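The values are calculated or read from the model by the stated rules, or taken from the named source; none is laboratory data. Since the model is a prediction, treat every value here as computed from it, not as a measurement. FYI the Cβ positions are ideal-geometry reconstructions off the backbone, even for glycines, and counts take in every protein chain you see. Accessible surface areas use protein heavy atoms only, side chains included; no ligands, DNA or RNA. Shrake-Rupley method; radii C 1.70, N 1.55, O 1.52, S 1.80 Å.
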Amino acid sequence: MECAPMKPHEIFTDELESISDPKARELVRDVLVNLETANLYFYKAPASRSRSFHPPCCNVQSGLLRHVKRAVSIGHHLCTAYGMSQRERDIVTAALILHDIWKNDFQRHASRAGDYVFEIIINNTDKYASIGAEFMAEIIRAIRLHMGRWAEPELRKPIPDYSLVELVVYTADYISSRNDIGMPQQDTCDLPIEIECDLVK
Ligand SMILES: [Fe+2]
Ligand SMILES: [Fe+2]
């Protein structure tokens, strides 16, 4: 049996399916599909060109996709830990899938990502109307604020003023981008553990 090659956006099939609101899922999917022509770099980029941050598995070609998938997974854990509603979880998922879609322009990538999603909504207002204006605004705000303390100056606001959704998106992205938290380092995995006492008698 021949397998059809996977389209780039299909890498996020599981994450898309975790969005319970069908129209919100469609919006996120539409953005991902549009990027296949508008910004294929998103699907090919390493998570960090400088390699200063991010685990090694994310600093390879298309490693940005691993970073995003890890961020969504961490975001879901935080939603569970904080007892957030399904609506909030949908917003967190949508924002995390889309938060780095314009990483080409690192200094302004958060605002560019938010602007890009906003533009798609504005050009298809009837299609996405049922999602609700506030729901979509929360997705865009969380994308724009995902850099937290390092957000673009004109977007920045004090962390204590973040909504829980914004805080979860920022935190999940932060954890996903650090090599020494959120996933074991290979060095740590390979560390020989020598216990001198014999626990099994
Ligand atoms: Fe980012
Ligand atoms: Fe990120």
Under 28 Å Cα-Cα from K157, which lysines qualify once same-chain neighbours fewer than 8 residues away are excluded?
K69, K103
Tell me, what HN-Hα J-couplings in whole Hz come from the Karplus equation 6.51 cos²θ - 1.76 cosθ + 1.60 at θ = phi - 60° for each residue of the range 107-123, using x for Gly and Pro?
4, 10, 5, 6, 5, 5, 5, x, 5, 5, 5, 4, 4, 5, 5, 4, 7
Please get the size of the charge dipole for the range 45-168, origin at its Cα centre, with Cβ charges of +1 on Lys and Arg and -1 on Asp and Glu, quoted in debye to the nearest 20.
560
With n ≥ 4 as the cut-off for DSSP H runs, can you work out [θ] at 222 nm for the chain, using -39500 (n - 2.57) per run divided by the number of residues, rounded to the nearest 500?
-16000 deg cm²/dmol
Cα-centred dipole magnitude for the range 111-160, charges only on beta-carbon of K, R (+1) and D, E (-1), debye, nearest 20
260
The range 126-181: percent of C-alpha pairs farther apart than 15 Å?
52
Tally Lys and Arg at +1 and Asp and Glu at -1 over the other residues with C-beta under 13 Å from the C-beta of P46: what net charge comes out?
+4
Ignoring ligands, DNA and RNA, please state the percent of accessible area on the chain from carbon and sulfur, probe 1.4 Å.
54
Return one whole number: the accessible area per residue of the chain in Å², for a 1.4 Å probe.
56
The range 1-120: C-alpha gyration tensor shape, a/c 1.5 cut-off, then a/b vs b/c:
rounded
Rank these residues by their accessible area, most exposed first, probe 1.4 Å: W102, W150.
W150, W102
Nearest 10 degrees is fine. How inclined is helix 133-144 to the longest principal axis of the chain, computing both from alpha carbons?
50
Using only the alpha carbons of the chain, determine the length spanned along each of the three principal axes and report them from longest to shortest in whole angstroms.
70, 52, 35
If we count every other residue with Cβ under 9 angstrom of G75's Cβ, Lys/Arg +1 and Asp/Glu -1, where does the sum land?
0
Hey, what did the chain get for relative contact order, percent, Cα under 8 Å, at least 6 apart?
22
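Determine the shape class of the range 34-100: with a ≥ b ≥ c the square roots of the Cα gyration tensor eigenvalues, call it rounded for a/c under 1.5, and otherwise prolate if a/b is greater than b/c, oblate otherwise.
On the way: a/c = 3.62, a/b = 1.59, b/c = 2.28.
Since a/c reaches 1.5 but b/c is at least a/b, the shape of the range 34-100 is classed as oblate.
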The range 49-152: equivalent-ellipsoid semi-axes (sqrt of 5 x gyration tensor eigenvalues, Cα, Å):
24, 18, 12
